[in-house]
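Q: Pasting a structure below so you can have a look.
The values are calculated or read from the model by the stated rules, or taken from the named source; none is laboratory data. Everything numeric here is computed off the predicted structure, so don't read it as measured data. Ideal geometry is used to build each Cβ from the backbone, glycine not excepted, and the neighbour counts take in all protein chains shown.
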Amino acid sequence: MKAAITSLACHVPERIVTNDELAQKVETSDEWIYSHTGIRERRYAAPGESASDLGVIAGRRALEQAHADPDSIDLVICATSTPDYLTFPATACVIQDRLGLSNAGAFDLQAGCTGFAYGVEMARSLVEAGGAGRVLLIGTEVLTSITNWEDRATCILFGDGAGAVLVEASDADRARTGHTIVASWLRSKGSGGPALIRQAGGSREPFEDGRHAARDLLLAMNGKQVYLFAVDAIVQTITALSERVGKTPDDVDWIVPHQANSRIIEAAAKRLRLPVERFYLNVDRYANTSAASIPIALEEMVSTGALKSGQTVLTVGFGAGLTYGGNVLDW
C-alpha cells in the first residue's frame, strides 16, 4: 500500500501589499527588496484573522475537492509557527472542530518553514502503517502577527497564507489514485536554532514585564547565517532525495522549494549546476509564507498547468529549528 495526495487546495488573504506600500512605512524601496529577495508583493491577513481562519478555508476546499465525508477523516495535522494560541489549544484542534471532523485526532507540528515536508512524511507513515486512513495536512501561517515592523531586514520578507492536502491510501480500483508520496528525507541542525528565533515567551525564557520588550516576542533572524544554511540545505536535500529514489537531480521534472528568497534558490541551483527554471518560484507574489509556501506553489502549478500527470516533483523545505528536508512525489 502506498500513500498518496488525493486533493490539494490553498487560500491566501485578499489584501495585497506591494513593496512600494512597505516603503512608506520603513526605509526601503521596491528596487532594493526585489534585488535582494525577488519579492514584489505579499498577502496580509485581515485584522483579527488567525492561522486557523486561513487553514479552515484551505482544509474545507481540500475536503470538498476529494468529496470526502467529514466523518472519514482520522487525523488533522497542522504545520504552523504562528498558532492561534501559545501553545494550547493546538490550532489543529480548532480546525478539526470548525470543519466538523468529529472522528479525527488533531495535533500541531512545529518545524518552521519545513513543516509541510515533515507533515507529508508523518501522514505517509501513518497511512502506510495502518494508523490512519485519511489525514488532512494543513500548513497555515499568519507571519505578520509575529513580524517586527521596526526591523527593515525581516519585515519585507513575510506574507500570510494556507495550503492543505488530503493524504490517504492510493487505490488502483478508483478512477483517481492520487499523487504517490515516494520518499522523504528529514534533517535538523539544532545548533543553528538561535539564527531564527522568538526569544521570549517559552519555558526557557518566560516573558517578564520590565525585563523583556515587546520585540522579544517577535521573530528575529540572522540573515547571513540563515542564507548560508539554506543554500547548503537545499543542495543536501536535493542530492539525498534524488539518490534515495535512484535518480539524479537532472531526472526530476520540478523542484518546488520553500519560497523564502529567490537569491537562495539561484545560489543553490548554481551549486547543483541545474537551470533555475527547474525550480518553481512564486515568491515574487506571496513572499515567505513558511509552512504554507510549498502547497501554495503546488496548487498554483496545478491550476496553471505547469505540473502535469506523470511528472516527478521534489519538494525542499528549510527553516527555523534549524530544520530541512523534503519529499519526492509522483504526480
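Q: Could you identify the single residue in Pro249, Pro257 that is surrounded by 15 or more Cβ atoms within 10 Å (Cβ to Cβ), in contact with a helix residue (DSSP H, G or I) (Cβ under 8 Å, 6 or more places away or on another chain) and more than 23 Å from Gly163 (Cα to Cα)? Spell out how you get there, then give the answer.
A: Values: Pro257 fails: more than 23 Å from Gly163 (Cα to Cα).
Testing whether each residue is surrounded by 15 or more Cβ atoms within 10 Å (Cβ to Cβ), in contact with a helix residue (DSSP H, G or I) (Cβ under 8 Å, 6 or more places away or on another chain) and more than 23 Å from Gly163 (Cα to Cα) leaves just Pro249.
Q: While we're on this one: Report, by residue number, each residue of the stretch 132-153 that is of a type outside the set (D, E, K, R) and over 18 Å from the mean Cα position of the chain (by Cα). Write out each step before concluding.
A: From the stretch 132-153, those of a type outside the set (D, E, K, R) are 132-133, 135-140, 142-149, 153; that's our starting set.
Of everything in the stretch 132-153, those that are of a type outside the set (D, E, K, R) and over 18 Å from the mean Cα position of the chain (by Cα) turn out to be Ala132, Gly133, Asn148, Trp149, Ala153.
Q: I would also like to ask the following. Do we have Ala68 as part of a helix (DSSP H, G or I) and touching a Leu at 6+ places or on another chain (Cβ under 9 Å) here? Spell out the reasoning first.
A: Values: part of a helix (DSSP H, G or I): no; touching a Leu at 6+ places or on another chain (Cβ under 9 Å): yes.
Against the criterion (part of a helix (DSSP H, G or I) and touching a Leu at 6+ places or on another chain (Cβ under 9 Å)), Ala68 does not qualify.
Q: Ok, one more. For Ala214, are the conditions met, namely being modelled with pLDDT of 95 or more, under 23 Å from Thr144 (Cα atoms) and either surrounded by fewer than 16 Cβ atoms within 10 Å (Cβ to Cβ) or out of contact with any Cys (no Cβ under 9 Å at 6 or more places or on another chain) (or both)?
A: Values: modelled with pLDDT of 95 or more: no; under 23 Å from Thr144 (Cα atoms): yes; either surrounded by fewer than 16 Cβ atoms within 10 Å (Cβ to Cβ) or out of contact with any Cys (no Cβ under 9 Å at 6 or more places or on another chain) (or both): yes.
For Ala214, the condition - modelled with pLDDT of 95 or more, under 23 Å from Thr144 (Cα atoms) and either surrounded by fewer than 16 Cβ atoms within 10 Å (Cβ to Cβ) or out of contact with any Cys (no Cβ under 9 Å at 6 or more places or on another chain) (or both) - is not met.
Q: Next up: Condition first: at pLDDT below 95, assigned to a strand (DSSP E or B) and out of contact with any Phe, Trp or Tyr (no Cβ under 9 Å at 6 or more places or on another chain). Can you find one or more residues in the stretch 221-237 that meet it?
A: Among the residues of the stretch 221-237, not one is at pLDDT below 95, assigned to a strand (DSSP E or B) and out of contact with any Phe, Trp or Tyr (no Cβ under 9 Å at 6 or more places or on another chain), which makes the answer no.
Q: Assess whether Ala46 counts as being closer than 29 Å to Val182 by Cα and of a type outside the set (Lys, Arg).
A: Values: closer than 29 Å to Val182 by Cα: no; of a type outside the set (Lys, Arg): yes.
When the stated conditions are applied, Ala46 does not pass them.
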